Amino acid sequence: MSAFVGTQRDGRVQIVRMNRPDKKNAIDRPMYAAMAAALRAADGDPAIGASVIAGVPGAFSAGNDIADFVAIAMGGQPTGEVSEFIDALATSRKPLVAAVDGLAIGIGTTMLMHCDMVLASPRSVFRTPFLDLGLVPEAGSSLLAPRLMGVRRAYALLVLGEAFDAEAAKAADLVTRIVAEAEVEAAALSAAQSLAAKPPEALAIGRDLLRAPREELLERIAVETRHFGERLSSAEARTAFMAFMSKGKG
Ligand code: COA
């Protein structure tokens with residue numbers, strides 16, 4: 001479905017890897033679709049107890065592929081792949097563990113708010129430049145971030161677009177544990193294996209109880225998506241996208 005997303009199994013754990021290093025793991029539409037399908041497949045497969053979401057060395061993800069934003073800004077219709085992925089994250093019945101090494105931008109940061117554990121290397125950087133792109137926070141982050149880290153820090157991350165280093169992200173509870181870059185994936189896999197070894201029904205219920213109520217989360221995602229879709233074709237967003245796309249070509 002996408003050459004840039006791979007899935008593999010290690011015992012009861014599914015590893016979903018974003019693998020587009022030349023674009024710093026910017027996520028295009030087929031990648032969203034492939035990741036959504038992998039998370040849904042895990043939900044339907046009793047042999048899978050948990051999933052690890054991973055990137056490549058130095059790049060977890062540079063966020064949404066800006067070329068796809070441009071296509072919509074120039075009059076294309078928003079397509080469903082991003083929403084499918086966000087919905088799969090928000091409704092996942094199985095634990096999600098992230099292995100972050102390096103850049104985590106835009107949805108590369110906001111998807112972590114749906115993960116139960118986040119292992120990150122010291123060189124990781126978390127940033128959501130939504131406002132600077134003329135956009136608004138997405139993926140339920142406007143609801144999840146203030147609960148996770150408090151309103152002030154959520155504002156700094158989501159509205160001011162401040163970059164959080166690994167220590168700041170850990171202090172904000174976005175990251176569970178900082179692990180040397182060579183060990184991030186092994187640590188994430190080991191955490192996922194431990195989760196996958198727990199009684200699955202109790203785990204699913206316990207996980208549900210600890211997370212924001214699903215109806216509330218899905219409602220917020222719908223509101224964010226409406227604003228985001230409108231913002232994509234705004235003059236503010238078009239100007240920001242063009243500036244990024246023409247970077248280095250002047
Ligand atoms: N969408 C599309 N392409 C992207 C991308 C994105 N989100 N992020 C990086 N790329 C591409 C770059 O255009 C470049 O492509 P090229 O080699 O064909 O010119 C390549 O990936 C490498 O990126 P580059 O900018 O040269 O690397 P860097 O290490 O100097 O900077 C980033 C990395 C991620 C800080 C920078 O690329 C960036 O700011 N990207 C945009 C992030 C963003 O705004 N995401 C959307 C959030 S909603």
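The values are calculated or read from the model by the stated rules, or taken from the named source; none is laboratory data. Note that this is a predicted model, so its numbers are computed, not measured. Ideal geometry is used to build each Cβ from the backbone, glycine not excepted, and the neighbour counts take in all protein chains shown. Side chains included, ligands, DNA and RNA excluded: accessible areas come from the protein's heavy atoms. Shrake-Rupley method; radii C 1.70, N 1.55, O 1.52, S 1.80 Å.
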message = As an exercise: evaluate residue 83 against (1) among the small types (Gly, Ala, Ser); (2) away from the ligand (no atom under 16 Å from the Cβ); (3) touching a residue at least 60 places away in the same chain (Cβ under 8 Å) and give the number of the one condition it does not meet.
response = (2)
remark   = If we ask which residues in region 130-140 are in contact (Cβ under 8 Å) with a residue 60 or more places away in the chain and within 16 Å of the chain's Cα centre (by Cα), their number turns out to be 5
query = Picking from 104, 99, which residue would you name as being open to solvent by less than 40 Å² (accessible area, probe 1.4 Å), within 17 Å of residue 24 (Cβ to Cβ), small (Gly, Ala, Ser) and within 16 Å of the ligand (Cβ to nearest atom)?
reply = 104
query = Does residue 171 fit the bill of being open to solvent by 60 Å² or more (accessible area, probe 1.4 Å) and in contact with a Lys or Arg (Cβ under 9 Å, 6 or more places away or on another chain)?
reply = yes
message = Kindly evaluate residue 112 against the criterion of being at negative phi, more than 16 Å from the ligand (Cβ to nearest atom), under 15 Å from the mean Cα position of the chain (by Cα) and not in a strand (DSSP E or B).
response = no
remark   = residue 144 fails exactly one of (1) in contact (Cβ under 8 Å) with a residue 24 or more places away in the chain; (2) within 15 Å of the ligand (Cβ to nearest atom); (3) open to solvent by 10 Å² or more (accessible area, probe 1.4 Å), namely (2)
ask   = Taking region 108-129, which residues are buried (at least 22 other Cβ atoms within 10 Å of the Cβ) and more than 15 Å from residue 175 (Cα to Cα)?
value = 128
remark   = Of the residues in region 195-209, those that are surrounded by 14 or more Cβ atoms within 10 Å (Cβ to Cβ), in a helix (DSSP H, G or I) and out of contact with any strand residue (DSSP E or B) (no Cβ under 8 Å at 6 or more places or on another chain) come to 200, 203, 204, 207
inquiry  = assigned to a loop (DSSP other than H, G, I, E, B), within 24 Å of residue 106 (Cβ to Cβ) and either away from the ligand (no atom under 16 Å from the Cβ) or touching a Ser or Thr at 6+ places or on another chain (Cβ under 8 Å) (or both): which single residue out of 212, 169, 188 fits that description?
reply    = 212
